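Here's the structure we're looking at; comments come further down.
The values are calculated or read from the model by the stated rules, or taken from the named source; none is laboratory data. Please read all numbers here as calculations on a predicted model, not as lab measurements. Cβ coordinates were reconstructed from backbone atoms using ideal geometry, including for glycine residues, and neighbour counts include every protein chain displayed. Protein only, heavy atoms only, side chains kept; ligands, DNA and RNA dropped before computing areas. Shrake-Rupley method; radii C 1.70, N 1.55, O 1.52, S 1.80 Å.
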Amino acid sequence: MSHDNLQAIVSQVRRDIVRMVHAVKSGHPGGSLGCAEYLVSLYFKHMNHQPKNFEMDGIGQDIFFLSNGHISPVIYSVLARAGYFDISELKTFRKLNSRLQGHPTTHEGLEGIRIASGSLGQGLSVAIGAATAKKLNKDCCFIYTLLGDGELQEGQIWEAVMYASAKKVDNLIAAVDVNEKQIDGSTDDVLAMGSIGAKFKAFDWVVIHVTQGNDLQEIDAALTEAKGKLGNGKPVCLLLQTDMGNGVDFMMGTHKWHGIAPNDEQLLSALSQNEETLGDY
Amino acid sequence: MKKYSDTGTKDTRSGFGAGLLELGNSNKNVVGLCADLTGSLKMNAFANQHPDRFFQVGIAEANMIGIAAGLTIGGKIPFTGTFANFSTGRVYDQIRQSIAYSGKNVKICASHAGLTLGEDGATHQILEDLGLMKMLPNMVVINPCDYNQTKAATIAIADYDGPVYLRFGRPKVPNFTATNAPFIIGKGDLLTEGSDVTIIATGHLVWEALKASEKLNSMGIGAEVINMATVKPLDEKMILNSTKKTGCVVTAEEHNRFGGLGESVAQVLVTNTPAPQEFVAVNDSFGESGTPTELMVKYGLNADAIVLATHKVIKRKNLFRA
């Protein structure tokens, strides 16, 4: 898929995110907007997957796990736009009897979701398990996961980081959304983590820096490089330097839009900044 | 009354190890994970014979639970092994989100449950695990009574598609159930028949219930002993059928009286046919160091305690009837 086409999808995904969150006056737009390019690049270019015939086991397919489940708007939009389920279902987000729960779950049978997430720190372990199952099944497809940078404060992450290199889980690409923000402020203010890249390197991972985590071309190059490094005894960490709230000017550069919804006026402003390319749901 | 004899004491954890080894040979999707307690969990034989399907995760139980959940995606049937305390309380949220809520086919296998862990003391003697696990929607909770039954339960849960908590212990205890008797999830075993009291026991307390029933029999009290290995889903029919006959119940378990088998039985009784009940269980306290036998005496978890509870509950039944 061409760069222009991917960019058009990103624009539509951003519209979906702000419309979903606005409609129920709740949800997490900031991190969702910041990860739009990465997830579009994964699902529309890099992953080998079959949206129309969703099977939990994903044999012969690449699998993605969202660990920071609060950015559910972006994964729901990307899954729907990729064809996992009808885009009309996006309007049920966070409503009663919906399959699109506030945080993703397998409980409601939503195609494309393979694990519940929301309570932070668990997705990397699950991804390691799925990567191990792939090895046991002699299935040479890859496992992807996305973590938030604030999420790295959870201890389980480091149990998993240690395990993945010690046990040579080399069919796994774990991306970290480094937006340097969390609910109470900047990650440096809340609990400074120092150099995340140095930490992963110290744990013997291959580390790839994506300094423009909202640039499709840079993401594309990084994913191509990451895939090329798999199979060599080491897991790969992709550090995506993103802007929380990217694509909506008044949401950028602040942690304040982590978990609040735009009002009517703000919605119109956000939509005016992101062209309707594929048709709103 | 039907007599049961001890065919030789064995630890229930060895029953787990034997069952897992048999599964390893019969079901290629079965995988084992252990958090640095392979010998204690008796998982060595499986690990040695199936090294490609055994994962040593180190002292990192949260990660083990997550990896197990992930392994199911790809059709594996993971059996995780560590002490009961580290299998439940330590990793409750991981089990809740990544296994129970996500509906993953993971078997959480927990040894050294309860007071009979012994000298290590209260930090390791979890008495709350049945309650923690039974509260999770759709979690099956099993606490078999001896070596044979633990082995059978281990084999049976591999054929059940869904999360299971399998609880067993450290000490050698009488092995008295039939060799190779099939284990049916959710089904109690009526061990003795009687018309004066129903004794519903789980785990190590089942043998104590049998000893109690012999003592009671010599006093002219007929006890119906039920081995309730599956704490959830509970065999309500067996409880109600028996209670209809006896009119009173004693429950016995190596667990806090809050959250355990006794509470589940009480709920069945009060919502159907209320009957007086006594609880042989730990009275809302932590354990301590000591030998398993000393601890079971001190905390009132043995045949004598069941006999006492039976006298109490029959007295109350008679008061109600009068």
Hey, among A:E276, A:E265, which residue is touching a residue at least 60 places away in the same chain (Cβ under 8 Å) and either in contact with a strand residue (DSSP E or B) (Cβ under 7 Å, 6 or more places away or on another chain) or exposed (fewer than 14 other Cβ atoms within 10 Å of the Cβ) (or both)? A:E276
Cβ pairs under 7 Å, 6+ apart, first in segment B:119-143 and of a type in the set (K, R), second modelled with pLDDT of 95 or more: B:K134/B:V141; B:K134/B:V231; B:K134/B:K232; B:K134/B:S264
Do we find that B:K10 is open to solvent by 10 Å² or more (accessible area, probe 1.4 Å), more than 9 Å from chain A (Cβ to nearest Cβ) and of a type in the set (D, E, K, R) in this structure? yes
Suppose we filter A:S119, A:S125 for residues that are within 7 Å of another protein chain (Cβ to nearest Cβ), over 28 Å from A:E276 (Cβ atoms), in a loop (DSSP other than H, G, I, E, B) and among the small types (G, A, S); which single one remains? A:S119
Residues that are open to solvent by less than 10 Å² (accessible area, probe 1.4 Å) and in contact with a Lys or Arg (Cβ under 6 Å, 6 or more places away or on another chain), drawn from segment B:17-40: B:G17, B:G19, B:V31
For segment A:76-98, does any single residue satisfy the condition of being out of contact with any Leu (no Cβ under 9 Å at 6 or more places or on another chain) and facing chain B (nearest Cβ under 10 Å)? no
How about segment B:292-310: which of its residues are open to solvent by 70 Å² or more (accessible area, probe 1.4 Å), without any contact (Cβ under 8 Å) to a residue 60 or more places away in the chain and not hydroxyl-bearing (S, T, Y)? B:E294, B:V297, B:K298, B:L308
Filter the strands (runs of 3 or more DSSP E) completely within segment B:34-135 down to those with at least 1 residues that are within 9 Å of another protein chain (Cβ to nearest Cβ) and at pLDDT 95 or above. B:54-56, B:77-83
Quick count over segment B:134-177, residues being touching a strand residue (DSSP E or B) at 6+ places or on another chain (Cβ under 6 Å), under 21 Å from B:V265 (Cβ atoms) and open to solvent by 20 Å² or more (accessible area, probe 1.4 Å), is 1
Set B:V249, B:V270: member being free of Cβ contacts under 8 Å to residues at least 40 places away in the same chain and among the β-branched types (V, I, T): B:V270
Identify the single condition in (1) of a type in the set (G, A, S); (2) surrounded by fewer than 16 Cβ atoms within 10 Å (Cβ to Cβ); (3) touching an Asp or Glu at 6+ places or on another chain (Cβ under 7 Å) that B:S218 does not satisfy, given that it satisfies every other one. (3)
Any pair with Cβ under 8 angstrom, 6 or more apart, that starts in segment A:52-72 at a residue that is more than 20 Å from A:Q156 (Cα to Cα) and ends at one that is at pLDDT below 95: none
Hey, B:S289 at pLDDT 95 or above and open to solvent by less than 40 Å² (accessible area, probe 1.4 Å) or not: no
